[in-house]
Amino acid sequence: MNRTDVLFTISAILIVIAACTSVELNVMDTPEPIPDKLVVTIETKNAFAEEVDQTPTPMAATAVPEPQIIEAFVWHENPQIPILNFHRFTPRLIDGETGTLMQLTKFKAIIQGLYDAGYSLISLRDYLDGRIVVPEGRKPLILSIDDAYFANQLSLNEDGTPSDKSGVGWLYDFSQKKPDFGFHVAMFANFGDKYYGNVFRYDWWYLGEGWEDDFAKTIVWGMEHNVMPYNHLWRHPDLEQLADKDILMQAQKNDEALRGYLQRAERGDLIAWLDNFIALPYGKWPLYESGVNTLLSYIDPEGKPLEAVFEAGYEYKPMMALSPFDEEFDAFHIPRMAPVDRVVEFVLENAENLPSNLRCLLELPAVAGARDEEALISAIELAIKKKNCPQGIFIVDELIFVARDGTVFLWE
């Protein structure tokens, strides 16, 4: 290659290099625009975050509160209640029966028959308050025992459990095996005419040391298990033969004795559970109106007025007790029947004809209180309108409503 060719080649290379440098400088001088959001600096990063945060997000759906479901028991017809009145029991087969002494085996048979016929026990307190509730399809029944307390009526074993040799003790065991039968007993007591047998030997109870303490424990166990004591007057007097001035004394001394036993057992707190009910000894009223008025004016040691009087002798003309919802109901003339054969047959034969309560579910707003009377009335009206419940008496916990002829109101 001659000198001229070499110079030509060098010149060509220099021209190419100069052109490339010019292109690079032009690119740097006029950069292609880039969207601001893609420039990653501190300022632009914060601005991007703000823009993203300002993007609206869909609102979460507000949960609708579920309505409350409240249980009610409904009587489409007014309930009728048989009240059977027992006295003493004997576990000894050699003992003959009288009007006030029943073989324990016979008592067991009567109770089994009542259970099989569909009866369940309720308390006197619930009966008078109108809170008459039994398992759906069953019929209410009240058991009372007069002339309490004898050990053959209720006694405790050494371990503090009820003895099945006593009538109420056996009934308690029965109720544990048949819980739908319930366990409630009203004990109308005379504390001034008897001692309490606290020692059991072979087949009977005898008086032993410390009988008052054992007796007090028996009363307490009963009250803790729905066996409630009431007034049958101090020495079981015949009120037809008693002077007016002695009527109140008989009631007062009996009540004072009961409270003394509770204090003896260091359970004075149970006094608040006591009610002022009286069962007439021999089923007899005072002979004169002044005596009747004296009896009805009785106020117990806590200042509670007499609330109810229970009669006897209706086995001669068997009848059911009316409920407090009936216009003819009279709390001072409540009938009781001795469980003679014709009475037991009457109660068993009429079981199918007696009304029973139904279980009904009411819907209340989620915000309504359990004792919101207006909300409960609206719920009852709606349940009847939807035909989920019949008209009648609605028992909702401690509140009672009456629904009749399109109107619902609180029963008091």
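So S356 passes all but one of these: (1) surrounded by 14 or more Cβ atoms within 10 Å (Cβ to Cβ); (2) hydroxyl-bearing (S, T, Y); (3) touching a helix residue (DSSP H, G or I) at 6+ places or on another chain (Cβ under 8 Å). Which condition number does it fail?
(3)
So, restricting to strands (runs of 3 or more DSSP E) that lie completely within the stretch 342-412, which ones have at least 3 residues that are in contact (Cβ under 8 Å) with a residue 40 or more places away in the chain?
Details: elements: 358-364, 392-396, 399-404, 407-410.
Of the strands (runs of 3 or more DSSP E) lying wholly inside the stretch 342-412, those with at least 3 residues that are in contact (Cβ under 8 Å) with a residue 40 or more places away in the chain span 358-364, 392-396.
Against the definition (of a type in the set (A, V, I, L, M) and either crowded, with 19+ Cβ neighbours inside 10 Å or modelled with pLDDT under 95 (or both)), how does L248 come out, yes or no? Before you say what the answer is, go through the steps one by one.
Working: of a type in the set (A, V, I, L, M): yes; either crowded, with 19+ Cβ neighbours inside 10 Å or modelled with pLDDT under 95 (or both): no.
In short, no.
If you take the residues in the stretch 94-106 that are surrounded by fewer than 18 Cβ atoms within 10 Å (Cβ to Cβ) and in contact (Cβ under 8 Å) with a residue 12 or more places away in the chain, which one is farthest from N231 (Cα to Cα)?
In the first step, residues of the stretch 94-106 are kept if they are surrounded by fewer than 18 Cβ atoms within 10 Å (Cβ to Cβ); the result is 94-101, 103, 105-106.
With in contact (Cβ under 8 Å) with a residue 12 or more places away in the chain added as a condition, the list becomes 99-101, 103, 105.
Numbers: G99: 21, T100: 18, L101: 20, Q103: 25, T105: 28 Å.
Among those that are surrounded by fewer than 18 Cβ atoms within 10 Å (Cβ to Cβ) and in contact (Cβ under 8 Å) with a residue 12 or more places away in the chain, it is T105.
Just name the residue that is surrounded by the most Cβ atoms within 10 Å (Cβ to Cβ) out of those in the stretch 130-140 that are aliphatic (A, V, I, L, M) and farther than 17 Å from F277 by Cβ.
V134
If you take the residues in the stretch 235-283 that are aromatic (F, W, Y) and closer than 25 Å to E315 by Cα, which one is farthest from the chain's Cα centre (by Cα)? Talk me through it step by step, then tell me what you get.
Here is the first cut: in the stretch 235-283, the ones aromatic (F, W, Y) are 261, 273, 277, 282.
Remaining after also requiring closer than 25 Å to E315 by Cα: 277, 282.
On the way: F277: 22, Y282: 34 Å.
The extreme case among them is Y282.
Would you point out the residue of the stretch 210-245, among those that are more than 14 Å from L295 (Cα to Cα) and acidic (D, E), that is surrounded by the fewest Cβ atoms within 10 Å (Cβ to Cβ)?
The extreme case among them is E224.
The values are calculated or read from the model by the stated rules, or taken from the named source; none is laboratory data. Predicted, not measured: the structure shown is a model, and the values here were computed from it. For neighbour counting, all protein chains shown are included, and Cβ atoms are generated from backbone atoms with ideal geometry for every residue, glycine included.
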